[in-house]
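Input: a single structure, listed below in structure tokens.
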Amino acid sequence: MSVSPSTQQPIRWGIVGTGWMAERFAVTLSTTPEAQLYAVASRTLERAESFARRRGVSKAYGSCEALLEDDSVDIVYVATPVTRHREDCLACFGAGKPVLCEKPFAVTAAEARDIVDASRQASLFCMEAMWMRFHPLLQQTRELVRIGALGDIGLIQAEISTRKRPDPHDRAMRPDLEGGALLDLGIYPISLSHYLFGRPDDVVARLKMHPLGVDETASLVLSYPNLIGTFTASIGAGLSGKAAIIGSTRRIDLGPSFINPPWMLVSEIPEAPVRQSAVPQAVHAESRARKIIRSIPYARTVNDLISTWRSELDARLKVEAKGRFTHAPPGTNAIRLEAEEAMRCVREGRTESKIMPLSDTVDVLETMDRARSAARI
Ligand SMILES: NC(=O)c1ccc[n+]([C@@H]2O[C@H](COP(=O)([O-])OP(=O)(O)OC[C@H]3O[C@@H](n4cnc5c(N)ncnc54)[C@H](OP(=O)(O)O)[C@@H]3O)[C@@H](O)[C@H]2O)c1
């Protein structure tokens, strides 16, 4: 590795995989100062070359091994299906390369431990690409929880979905690639729960299976001493994507997607007993906002509608929720923040990130193992 903290030359990234997430990561790197989109590897040279042309990558390789032989690659981003992560990461460490590996980091906690052990033996940087943890509103949420701003927290709820067509070639629909809602999407609420509250005492999980042999919907209950987390992940049902952390005095709502939230609402919880009319005001405000959208005659285009909707909704929520409505800073890109942390660690010779530590990654997969066993898979 030719990078040193003193030479501020760009960090040369090698990307393994040419799928959906590899494209998204490459787009972000192309606008990230200090990062160079240097190399890409595919199982076929043609796909690597096509990706390289599309994304302006300097070198294209027909295998992960060929990319790892290139001395100029400073760090590897592993964007293959989860069933490949252990082998790809171990190959990287064998070649002396630090790694940023996509979520889920591994299929099981045992596999994750193998990867972590190998990175530590090689004294090489390794991090799970759970970019949610780099989002400023998630970090603010954690701080509010930590300082007790919500009172006694009794409940965390979250749901997440990406609606999939029943395509047997789609990674998420393939049992041989460990597709399905629990591992692919359930990892996010489990990681959120660990981020805020640590390891749960008990895990319950139930699944609805898809005819293609993967779990289409997974419901989870994570129990802590005075707190429960209820989570749903689905590749079939259209869920909201929101999360709520509910304390005795305040609640935090993150939406419309808790993994990449444009807004966070901190609102007061009415005094108990909670009557029907005292349901958190944000809920009423949101349904009123929908009525506002329907009543805007001057919104001619979709963009008009969206910007009008945003400002109307913000104004209403601010007034009606009697809470603090915070937007993510303009231009927030948590993937970039994650890549920057990886580059900072590599430059500083650190082997792991304090924001996304390897012990947390393994703990989350232990909870995932318990969820699978509770669901009898
Ligand atoms: N953090 C996020 O927001 C996010 C979002 C989506 C996915 N992900 C994660 O990113 C990883 C990749 O997901 P994706 O959605 O990009 O998947 P994808 O579109 O199916 O791409 C995966 C790529 O991996 C390569 N690959 C290597 N071995 C493979 C094999 N045996 N079968 C299929 N492909 C293989 C393929 O590239 P070649 O054919 O060129 O070799 C393929 O294009 C997964 O771990 C997923 O959970 C993360």
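The residues on offer are ALA110, ALA26, and the sole one that is assigned to a helix (DSSP H, G or I), away from the ligand (no atom under 14 Å from the Cβ) and modelled with pLDDT of 95 or more is ALA110. Per this entry, MET130 is counted among residues that are within 15 Å of the ligand (Cβ to nearest atom), within 30 Å of HIS327 (Cα to Cα) and crowded, with 20+ Cβ neighbours inside 10 Å. Across segment 45-66, not a single residue is classified as within 13 Å of the ligand (Cβ to nearest atom), of a type in the set (Lys, Arg) and surrounded by 19 or more Cβ atoms within 10 Å (Cβ to Cβ). Reported count of residues in segment 133-157, each being part of a loop (DSSP other than H, G, I, E, B) and charged (D, E, K, R), is 1.
To keep it simple, each residue is scored yes or no on (1) closer than 20 Å to SER359 by Cα; (2) exposed (fewer than 13 other Cβ atoms within 10 Å of the Cβ); (3) within 16 Å of the ligand (Cβ to nearest atom).
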residue: PHE125; (1), (2), (3): yes, no, no
residue: LEU144; (1), (2), (3): no, no, no
residue: ASP152; (1), (2), (3): no, yes, no
residue: SER161; (1), (2), (3): no, no, yes
residue: ASP167; (1), (2), (3): no, yes, yes
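Whether any residue in segment 31-43 is within 11 Å of the ligand (Cβ to nearest atom) and surrounded by fewer than 22 Cβ atoms within 10 Å (Cβ to Cβ) is what I want to check. Yes: segment 31-43 contains one or more residues that are within 11 Å of the ligand (Cβ to nearest atom) and surrounded by fewer than 22 Cβ atoms within 10 Å (Cβ to Cβ).
Here SER72 meets each of (1) hydroxyl-bearing (Ser, Thr, Tyr); (2) within 12 Å of the ligand (Cβ to nearest atom); (3) over 24 Å from the mean Cα position of the chain (by Cα) with one exception, condition (2). Kindly indicate which of GLY198, GLY148 is over 26 Å from ALA79 (Cβ atoms), assigned by TED's automatic domain parsing to the domain that holds ALA244 and more than 20 Å from the chain's Cα centre (by Cα). On inspection, the qualifying residue turns out to be GLY148. Does VAL274 count as under 28 Å from the mean Cα position of the chain (by Cα), at pLDDT below 55 and of a type outside the set (D, E, K, R)? It is false that VAL274 is under 28 Å from the mean Cα position of the chain (by Cα), at pLDDT below 55 and of a type outside the set (D, E, K, R).
Just checking, does segment 83-105 include any residue being touching a strand residue (DSSP E or B) at 6+ places or on another chain (Cβ under 7 Å), assigned by TED's automatic domain parsing to the domain that holds ALA243, part of a loop (DSSP other than H, G, I, E, B) and more than 13 Å from the ligand (Cβ to nearest atom)? No. Taking each residue of segment 74-95 that is in contact (Cβ under 8 Å) with a residue 24 or more places away in the chain and looking for partners that are small (Gly, Ala, Ser) and away from the ligand (no atom under 14 Å from the Cβ) with beta-carbon atoms closer than 6 Å, six or more apart or interchain, yields LEU90/ALA118; PHE93/ALA118; PHE93/SER119; PHE93/ALA122.
Restricted to helices (runs of 4 or more DSSP H) entirely inside segment 280-377, those with at least 2 residues that are exposed (fewer than 14 other Cβ atoms within 10 Å of the Cβ) and either β-branched (Val, Ile, Thr) or modelled with pLDDT under 75 (or both) are 281-294, 302-320.
The values are calculated or read from the model by the stated rules, or taken from the named source; none is laboratory data. Computed from a predicted model, the values in this text were never measured in an experiment. As a convention, Cβ positions derive from the backbone with ideal geometry for all residues, glycine included, and neighbour counts pool all protein chains shown.
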